[in-house]
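Visitor: Quick one: this structure, given as structure tokens, is what I'll be asking you about.
The values are calculated or read from the model by the stated rules, or taken from the named source; none is laboratory data. Everything numeric here is computed off the predicted structure, so don't read it as measured data. A quick note on method: Cβ atoms are made from the backbone with ideal geometry, for glycine too, and the neighbour counts reach across all protein chains shown. Surface accessibility is based on the protein's heavy atoms, side chains included, excluding ligands, DNA and RNA. Shrake-Rupley method; radii C 1.70, N 1.55, O 1.52, S 1.80 Å.
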Amino acid sequence: MLSRRIKTLFSQPYTAVTQLVVISRHLNDDQQMRDRDMSYLSTEAKRRHDVCIVGGGIVGLATARHLAIRHPSLKLAVLEKEVQLAHHQSGHNSGVLHAGIYYTPGSYKAKLCVEGFHAAYKYFDENDIPYNKCGKLVVATDPDEVTRLENLYERGLQNEVKDLRMIDGDNIRAIEPHCVGLKALHSPHTGIVDWGLVARSYGQNFVKMGGEVYTGFEVTDFRPTQQSEDQESSGIKYPVTIIGSKPNQAIECSYVLTCGGLHADRISQISGCSSQPKIVPFRGDYLLLKPEKQSMIKGNIYPVSELWELLH
């Protein structure tokens, strides 16, 4: 969410300091991004940015990268509270690359899912990110589920899901020999990828374009910047000071974008915006097949869920 400039004035002065942890711009591979040595920044100009993005997950990093592409003259920074990027949701999920079957035709969810699906594969190929285009079956096992499956099929066609088709039981077994069903949707281009790796790749791209990534920087407050003698008399160019949880952590900026994931409501509130809607986290469990059984499954196999009709 976009935080408005901090509007609440504080009576007590705050003196910002200059020492900050920053990622080196010479990032060669993902392992280096994970296990880098931290360097310190003490230059006055470096701790001031036009835009700071709070949150080093895939949303924050994709936002930062896009801003760097569209506005190369801006001084941009990403602030992440963990010691590595994509440490939370972005690095702990199913890894599925969805083709756009479920969403209501004409909705932004449908439009962005399908566009993002194709853009993601293009990005993977251009940046040597491994993926598996293993396909997906959505399987109906009784007549009631077949009716819902047909509705999903119509949605998928309207959403222009590439090469989506309805198949019968024999064709199900031709794709997944150990899967049994009456009918299924087959989405051959659905795939899986390590989204944490993708997010860190965004971070590498961002740094190469001149952006700064500060890890170990947990945002605890936003304060109005105290004007100093070297600032223009016409006003403060960097009116927001972002405070970190560690001693001597502070960055000045003109604008703030918050992409805090499960902490988005909390960050929104301390930035002066509403904490609504509240984030309600829930946990998903992922099980691994034993090595000797892994050959039984070739791709993604989904049930026909009533939940999708309720949520989408």
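Residue by residue, here is whether (1) outside any strand (DSSP E or B); (2) β-branched (Val, Ile, Thr); (3) in contact (Cβ under 8 Å) with a residue 24 or more places away in the chain; (4) over 30 Å from residue 59 (Cβ atoms) holds:
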| position | (1), (2), (3), (4) |
| --- | --- |
| 137 | no, no, yes, no |
| 152 | yes, no, yes, no |
| 157 | yes, no, no, no |
| 166 | no, no, no, yes |
| 174 | yes, no, no, yes |
| 204 | yes, no, yes, no |
| 207 | yes, yes, yes, no |
| 227 | yes, no, no, yes |
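Visitor: Take segment 280-308 and flag every residue that is open to solvent by less than 100 Å² (accessible area, probe 1.4 Å), out of contact with any Gly (no Cβ under 8 Å at 6 or more places or on another chain), modelled with pLDDT of 85 or more and in a loop (DSSP other than H, G, I, E, B).
Guide: 289, 297, 304 - these are the residues of segment 280-308 that are open to solvent by less than 100 Å² (accessible area, probe 1.4 Å), out of contact with any Gly (no Cβ under 8 Å at 6 or more places or on another chain), modelled with pLDDT of 85 or more and in a loop (DSSP other than H, G, I, E, B).
Here's the yes/no breakdown for (1) within 16 Å of the chain's Cα centre (by Cα); (2) farther than 16 Å from residue 198 by Cα; (3) open to solvent by less than 20 Å² (accessible area, probe 1.4 Å); (4) not hydrophobic (A, V, I, L, M, F, W, C):
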{"site": "93", "(1), (2), (3), (4)": "yes, no, no, yes"}
{"site": "98", "(1), (2), (3), (4)": "yes, no, no, yes"}
{"site": "124", "(1), (2), (3), (4)": "yes, no, yes, no"}
{"site": "131", "(1), (2), (3), (4)": "no, no, no, yes"}
{"site": "143", "(1), (2), (3), (4)": "no, yes, no, yes"}
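Visitor: Now for a different question. Among the numbered criteria (1) out of contact with any strand residue (DSSP E or B) (no Cβ under 7 Å at 6 or more places or on another chain); (2) farther than 30 Å from residue 240 by Cα; (3) outside any helix (DSSP H, G or I), which one does residue 72 miss?
Guide: With (1) out of contact with any strand residue (DSSP E or B) (no Cβ under 7 Å at 6 or more places or on another chain); (2) farther than 30 Å from residue 240 by Cα; (3) outside any helix (DSSP H, G or I) applied to residue 72, the lone miss is (2).
Visitor: Out of segment 148-171, which residues are over 13 Å from residue 304 (Cβ atoms) and of a type in the set (A, V, I, L, M)?
Guide: Answer for segment 148-171, where residues must be over 13 Å from residue 304 (Cβ atoms) and of a type in the set (A, V, I, L, M): 157, 161, 164, 167.
Visitor: Of (1) closer than 30 Å to residue 104 by Cα; (2) loosely packed, with under 15 Cβ neighbours inside 10 Å; (3) in contact (Cβ under 8 Å) with a residue 60 or more places away in the chain, residue 180 satisfies all except one. Which?
Guide: (3)
Visitor: Checking residue 227 against (1) within 30 Å of residue 302 (Cα to Cα); (2) at pLDDT below 95, only one condition comes out false. Which one?
Guide: It is condition (1) that residue 227 fails.
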